[in-house]
Amino acid sequence: MMERIVLVRHVEGAPQPADFRVETLPIPELAEGQFLIANRFVSCDPGTRSRLSPGASYARPVMPGEPVDGFCVGEVVESRNARFAVGQRVTATGWASHVVSSGKGYVLPLPDLDVPESLWLGILGVPGMTAWFALKRVAELKPGARVLITSAAGPVGTTAGQLAKRWGAAHVVGVAGGAEKCRWLAEGAGFDEALDYKAPGFEAASAEAAGPGFDVMLDNVGNAMIDRALPHMKVFGRIVLSGATADYLADTVPGVVNMREMIAKRLRMEGILVFDDLPGFAEAQAGIAAMVADGLVYREEIFDGLATLPDAFCGLFTGASFGRRLVRI
């Protein structure tokens, strides 16, 4: 038998555990070309929220009664596909204990990089790859740059801040919620400054931290944070949009008022969907794995059992999460 998480109803506002249910069903017989993956870890991703309501997203919405997609890593335990042998470790998608696949989509064999298996859903997975290509390809980060990262205590932000420093950024400022997260960014992850957006005086602290301005902004929060940052960007600055956690929950998404800054400073703003960079994943993953061996830090929050997944996911939108949230099957 296998278990999977099914959407009960389309989500309004912040997701609630009651929006999901655990469904148990027999493991289907494999057709020619298919293989069965027994998942070891499943991830909680803020971007999944954008597909749980009707409307435009990077992929079609999940409909009530359908299983929810999410990134997973597991082992091939049965195969009728010559490319995927029993015992092979792979990444795939599905909030489930088992996944049947034909090898299409985001199904990748894992090389042996001598790292913990969970990292393939963190700094070697979509969050780490987003950080890598957001800075390297989209932002075209140069040595000496001043960098601003929002949602900096999340897996994308934490990785991006450390990459920026290793690639020669002169000053990296992270924005996070809460004193504990900010303290860890500065003391544990090597950010030059960390600003608590929940603290009194955040606006004044932001202006002071901006100094002469930022060359690069990596945003994971949404329009309100971008609007705050626009006056603090340098001429020819680059803004990379990799997520919009606050806007996912808004009934009415706030607009961006300071658009004249875009003209006056000749700013460039560009979104990233990291699967555009899939051909470069292997090289980037090898690079980050080497950095892990050399002291690159990360945080994980591990929950046990597929039934804990709805609670773990919903906690992403309450400020409860601190690090990469994963469920161990």
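Restricting the search to segment 11-41, which residues are of a type in the set (A, V, I, L, M), open to solvent by less than 20 Å² (accessible area, probe 1.4 Å) and under 23 Å from N81 (Cα atoms)? The answer is L30, L36, I37, A38. Within segment 91-114, identify whether any single residue is of a type in the set (A, V, I, L, M), touching a His at 6+ places or on another chain (Cβ under 7 Å) and in a loop (DSSP other than H, G, I, E, B), and answer yes or no. No: zero hits.
Return yes when E66 is of a type in the set (D, E), over 29 Å from I123 (Cβ atoms), without any contact (Cβ under 8 Å) to a residue 60 or more places away in the chain and open to solvent by 40 Å² or more (accessible area, probe 1.4 Å) and no when it is not. So E66 fails the test.
Among all residues of segment 118-134, there is at least one that is buried (at least 22 other Cβ atoms within 10 Å of the Cβ) and polar (S, T, N, Q). For G190, the stated conditions hold: it is on the phi > 0 side of the Ramachandran plot and at pLDDT 95 or above. Listed by first and then second residue, the pairs with beta-carbon distance under 7 Å, at least 6 apart or on different chains, first residue in segment 17-41 and within 30 Å of L124 (Cα to Cα), second among the aromatic types (F, W, Y) and not in a strand (DSSP E or B), are F35/F84.
The values are calculated or read from the model by the stated rules, or taken from the named source; none is laboratory data. In this text, all values refer to a predicted model and were calculated from it rather than measured experimentally. A quick note on method: Cβ atoms are made from the backbone with ideal geometry, for glycine too, and the neighbour counts reach across all protein chains shown. Protein only, heavy atoms only, side chains kept; ligands, DNA and RNA dropped before computing areas. Shrake-Rupley method; radii C 1.70, N 1.55, O 1.52, S 1.80 Å.
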